[in-house]
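The structure under discussion appears below in the form of structure tokens.
Just so you know, all these numbers are worked out from the coordinates, no wet-lab data involved. Since we're looking at a predicted model, the values are computed, not measured. All Cβ positions, glycine included, derive from the backbone under ideal geometry; neighbour counts span all protein chains shown.
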Amino acid sequence: MQTARFVLVILGLAACQGPSTPTPTGPLGVSTSPDANATSDLSSAADLSVDLAASAPDLAPICACGENQVCVQGQCQDVPTSCPCPIESYCDLSTTTCVVGCTSDSLCNLGRYCDTSSRKCKDGCRVDTDCAIAEVCQSHACVNLCPNCDDGKPCTVDSCVRGQCSHSSGNDGAVCASATACTQSLCQSGQCKAVPIVDGTTCGAGTVCTQNVCQTGTCKSVPLADYTPCGAASVCTSGQECSAGVCLPVQVQDGSACGMSSRAPICTDSKTLRTYSADRCEIGMCAQDYVDETCVGSCSNGTCTCEGAVCTTGSPCYQTQGTCSNGVCNYTPVDGRFTYPSGCCGYCSGGAEEFIGCGSTYCQ
């Protein structure tokens, strides 16, 4: 680029020097001579300045300069008396001198355009690309013609280029909706998708023998390992352990002592006496063992009495009528052979009954 600029400068010098004799000019001071060594019209002079400006480096911001000065790379410089000319000036071929002004946009600093009617460089854009990406250049002013480009979608990137909205996929990995216990909504390729969180993540309150964990995006109840302790011991359990997600007591051996070792007898009604043995464990619970018996007389204050007692027995080895003592019937044993109603025979000894046989052989 630097080499091209140097060549154009040399050409510009040659064009500006011209012949030594006066050269006819038109109304704008541009040479009208057909001489091949001179430029024949104003456009040639403009083209020369355009090439010089096009190859110049980017310029600094415009500065406030005096009369017959131009702003070159942020510095005010006097306009030279002869061509070639700096930016914001052009070569008047009729006098081969530099004049502050322009004949085309390319002779103006960046951010300025050439008002060809007045041949002055003025602030303003030339083309759309002089403006921000969302703007267009209209009448040398940057105008934002973009509407509201928000499409309401969290997984797109909304933009405006020269007044036209565009929506491209973006924001990958960004949260785009409310999460559930086992999923999170994230942007993926322009779409809001529910993504399962890591399996095994706790997702809610379980029970003493279960835990709620995430599995493939769903919250599930999972049993704790069997034999996991889940409760305290009691009088007939050694504790509680989990089994298939349920807390069960660990029973001590049935018959183990528990509770009270003894209780006083009670009357459950006027004829029934209940006597207790020591409490024992049964299937994990402490049970009260007792025996109910019917009094021959009556039951009072936890004791059988002889009041109203009738002592009779149908045993062949005792006298039919007995006597009552301390609420108990006592009978006198009868020893010897006896006959059953069926005709068979037996023998009594000390109240014990023994069957002998049937028929005359046994009953004589």
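Odds and ends about this structure:
- Dipole of region 215-285 [Lys/Arg +1, Asp/Glu -1 at C-beta], most positive-end residue of GLN251, VAL222, THR272: THR272
- Selection from PRO80, SER139, GLY173, by position along the positive dipole direction of region 69-190 (Cβ): PRO80
- Counting neighbouring Cβ atoms within 10 Å and putting the fewest first, the residues VAL246, VAL291 line up as VAL291, VAL246.
- Taking every Cα-Cα distance in region 228-364 and sorting them into 5 Å bins from zero, the calculated P(r) comes out as 2, 10, 11, 10, 9, 9, 9, 9, 9, 7, 5, 5, 4, 2, 0, 0 percent.
- Using a Förster distance of 51 Å, the FRET efficiency for ASP292-THR218 (Cβ separation, nearest 0.05): 0.30
- Taking the square roots of 5 times each eigenvalue of the Cα gyration tensor of region 195-237, largest first, gives ellipsoid semi-axes of 29, 8, 6 Å.
- For region 86-218, radius of gyration divided by Kirkwood radius, i.e. Rg to Rh on alpha-carbons: 1.48
- With 5 Å bins from 0: P(r) over region 129-169, alpha-carbon pairs, percent: 6, 27, 24, 19, 13, 7, 4, 1
- A viscosity of 1.002 mPa s and a temperature of 20 °C, combined with the Kirkwood radius over C-alpha pairs in the Stokes-Einstein formula, give region 175-223 a diffusion coefficient of 189 µm²/s.
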